[in-house]
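Here is the structure we will look at, set down as structure tokens.
The values are calculated or read from the model by the stated rules, or taken from the named source; none is laboratory data. It should be emphasised that the depicted structure is a prediction, and the values quoted were computed from it without experimental measurement. Here the Cβ positions follow ideal geometry from the backbone for every residue, glycine too, while neighbour counts run over all protein chains shown. When the accessible area is computed, the model is the full protein with side chains, heavy atoms only, and any ligands, DNA or RNA have been set aside. Shrake-Rupley method; radii C 1.70, N 1.55, O 1.52, S 1.80 Å.
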Amino acid sequence: MILQIAKWLLLLIAFKLIVALVVAQCYTDPRRDITARKKHLSAFNPNVVFIGTSRTLYGIDPALFDSLNHQKTRSYNFGIFSLSPYSAIQLASDMLTENPGVTTIYIELSALEYSTVALQPQEVIPDAVFRAQVMSDAPAIGTSEKIGSFLSGLNTTLFQMVSIAPQILSAKKAIKPENDPVEGNADLHANGHQSVAGALPATNERIIANKTSTEAMPAIHKPAAPNAFYLAQLSGLVARARQQGKQVIFYYPNSITAAEQRVLAQVAPFLPDAQCIPLPAPPLLDSLFTPGNLFDAHHLNQRGASAYTRFFREEAAKRISVNR
């Protein structure tokens, strides 16, 4: 029986790979496809890279960052929708080997709710294992919740390994493009950034919830026990970069969900100050949650990205010389 299930699973995965290959010939969204984005990065040939989720994609402006550095940096925004911590670490590790011109990598600290939208089918299981180990090493999360999270992640993993929903969505976009910053087609600059001019008319409950959980992060004191597994992965990456004379620095996204905060609270306080860019203090932090600086509850528009990038550059300058 198990052998029969395994055969059907392999058949479905093979079918998905074929569909994905066919659809990719017509349309590929580089905000969701890591392979396509790597080609985009290589064409730009940067020496600084920002790796993160869509919050990085819309929230950090490389052109402004380089301008503030008097063009001593050539930075690239590698923001990918729903990028997992596993994928971010793998990407950075790949860049240390594949992109010798990249000397500094900034990585967004994240722990988003489960999604495999940016994963190749062969990477889904390693990502699931990574998440399971992160949850297992979370001291503040109870056993029943850990089991529930594992089962939920397993369900998502099995479904998305065989689902062709992302390919159907790509096909629809190729046939009938939408005019939406997230659901519409990609509009990336050469430096990987996508900016949005529009702003929200008013605040909403999701913005308030994100603001509350984000504001709580700076107030968190170092807990008794860290998430040892997550920290070990970050420390290992820093060590590999240092061996090559390069640097990896982590940073908070502009907005943190309540679920993320519970995981990051056991990681971020244990990172050395020299390796982690903190959240801005009020009133700048407050301004990142005003409707005029957002185009939705999670993402900064052009004005918000400008404010956040200026802060980011100031903090980055304290941790690395722009003359490298």
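Among the criteria (1) open to solvent by 50 Å² or more (accessible area, probe 1.4 Å); (2) touching a residue at least 24 places away in the same chain (Cβ under 8 Å); (3) more than 26 Å from Ser93 (Cβ to Cβ), the one Gln233 does not fulfil is (3). If you go through the range 260-278 and keep only what is over 19 Å from Ile207 (Cβ atoms) and open to solvent by 30 Å² or more (accessible area, probe 1.4 Å), you end up with Arg262, Pro269, Phe270, Pro272, Asp273, Ala274, Gln275, Pro278. Of all residues in the range 58-77, exactly one satisfies the criterion of being surrounded by fewer than 19 Cβ atoms within 10 Å (Cβ to Cβ) and of a type in the set (Ser, Thr, Tyr), namely Ser67. Does Ala281 satisfy being within 15 Å of Thr214 (Cα to Cα), touching a residue at least 12 places away in the same chain (Cβ under 8 Å) and open to solvent by 10 Å² or more (accessible area, probe 1.4 Å)? In short, yes. Within the range 241-259, being in contact with a Leu (Cβ under 9 Å, 6 or more places away or on another chain), surrounded by 15 or more Cβ atoms within 10 Å (Cβ to Cβ) and farther than 21 Å from Leu284 by Cα holds for Ala241, Lys246, Val248. Taking the range 78-99 as the range and being closer than 19 Å to His298 by Cα, open to solvent by less than 10 Å² (accessible area, probe 1.4 Å) and among the polar types (S, T, N, Q) as the test, only Ser84 passes. Select from the range 19-48 the residues that are of a type in the set (Val, Ile, Thr) and modelled with pLDDT of 95 or more and list them in ascending order. Val48, the sole residue that qualifies. Within the range 186-203, can you find the residues that are surrounded by 14 or more Cβ atoms within 10 Å (Cβ to Cβ), under 16 Å from Asn301 (Cβ atoms) and not aliphatic (A, V, I, L, M)? His189, His193, Gln194, Ser195, Thr203 - these are the residues of the range 186-203 that are surrounded by 14 or more Cβ atoms within 10 Å (Cβ to Cβ), under 16 Å from Asn301 (Cβ atoms) and not aliphatic (A, V, I, L, M). Of all residues in the range 196-213, those that are farther than 9 Å from Ile256 by Cα have Cβ atoms under 6 Å from Cβ atoms of residues that are open to solvent by less than 50 Å² (accessible area, probe 1.4 Å) and in a loop (DSSP other than H, G, I, E, B), 6 or more apart or on another chain, in Val196/Pro181; Val196/Phe295; Val196/Asn301; Gly198/Phe295; Ala199/Asn301; Arg206/Ala297; Ile207/Phe289; Ile207/Ala297.
Scanning the range 204-221 for residues that are touching a Leu at 6+ places or on another chain (Cβ under 8 Å) and open to solvent by 60 Å² or more (accessible area, probe 1.4 Å) gives Glu215, Pro218. Only strands (runs of 3 or more DSSP E) whose full extent lies in the range 42-127 are considered here, and the ones with at least 3 residues that are under 22 Å from Ser195 (Cα atoms), touching a strand residue (DSSP E or B) at 6+ places or on another chain (Cβ under 9 Å) and touching a residue at least 60 places away in the same chain (Cβ under 8 Å) are 75-79, 104-108.
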